[in-house]
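Accompanying notes for the structure given below.
The values are calculated or read from the model by the stated rules, or taken from the named source; none is laboratory data. In this text, all values refer to a predicted model and were calculated from it rather than measured experimentally. Side chains included, ligands, DNA and RNA excluded: accessible areas come from the protein's heavy atoms. Shrake-Rupley method; radii C 1.70, N 1.55, O 1.52, S 1.80 Å.
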Amino acid sequence: MNVEYQLQIEKVIATLKEDLPTLFEQDISYDIYTKDIYFQDPVNKFKGKLNYRIIFWTLRFHGQLFFTEIHFDLHDVYQAEKETVIANWTVRGVLRVPWKASIFFNGYSTYKLTESGLIYEHIDRWDRKPSEILQQFFQKGKDKSIS
């Protein structure tokens with residue numbers, strides 16, 4: 001493994017560690033991604049850096065619109081294989097509804113890298129189905145009483 005490639009991987013990991021915890025508050029850096037980045041999660045699938053930018057804008061917009069609190073807790077980012085970086089995380093928040101429903105789910109992101117160390121693929125997996133996450137919206141929040 002050459003030194004330049006390993007330095008680029010370290011840059012990718014450092015950038016993800018810096019960007020992901022605040023993705024609901026501010027934009028991420030896009031210089032570690034290819035222009036034709038492929039993204040997939042349980043509800044979205046697309047290609048291209050413009051669409052990638054739009055998904056992060058949408059996350060921030062909906063996070064502020066629908067939640068009084070929303071957090072992206074980053075647990076770990078590491079190089080799993082030569083061309084693969086994994087990020088483990090939890091999304092948790094409180095919905096902007098009178099009954100203060102909370103949302104919580106765990107997931108992980110798999111990032112595949114080109115030979116030059118740029119991310120060309122980002123796949124998110126969640127610990128539950130989108131419909132199960134949606135059901136949390138209708139449950140009363142923990143430790144919160146409705147008066």
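Across the stretch 27-33, computed HN-Hα scalar couplings (Karplus, 6.51 cos²θ - 1.76 cosθ + 1.60, θ = phi - 60°) run 5, 8, 8, 10, 6, 9, 10 Hz from first to last residue, x flagging Gly and Pro. Helix 49-66 and the longest principal axis of the Cα set of the chain meet at an angle near 20°. Helix 3-19: angle to the longest alpha-carbon principal axis of the chain, degrees 0 to 90, nearest 10? Between the helix axis and the principal axis of the chain, the angle is about 10 degrees. Mind telling me which of LEU95, LEU74, LEU134 comes out most flexible in a GNM of the chain, alpha-carbon contacts under 10 Å? Most flexible of the set in this elastic network: LEU134. Apolar share of the accessible surface for the chain: 53 percent from carbon plus sulfur atoms, 1.4 Å probe.
Full extension of the segment from ASP41 to ARG96, taken as 0.36 nm per residue of separation minus the current Cα-Cα distance, would add 17.4 nm. Averaged over its residues, the stretch 28-147 has an accessible area of 59 Å² per residue, based on protein heavy atoms and a 1.4 Å probe. Using 0.36 nm per residue and subtracting the Cα-Cα separation, the extra length available between GLU69 and ASN2 on full extension is 19.8 nm.
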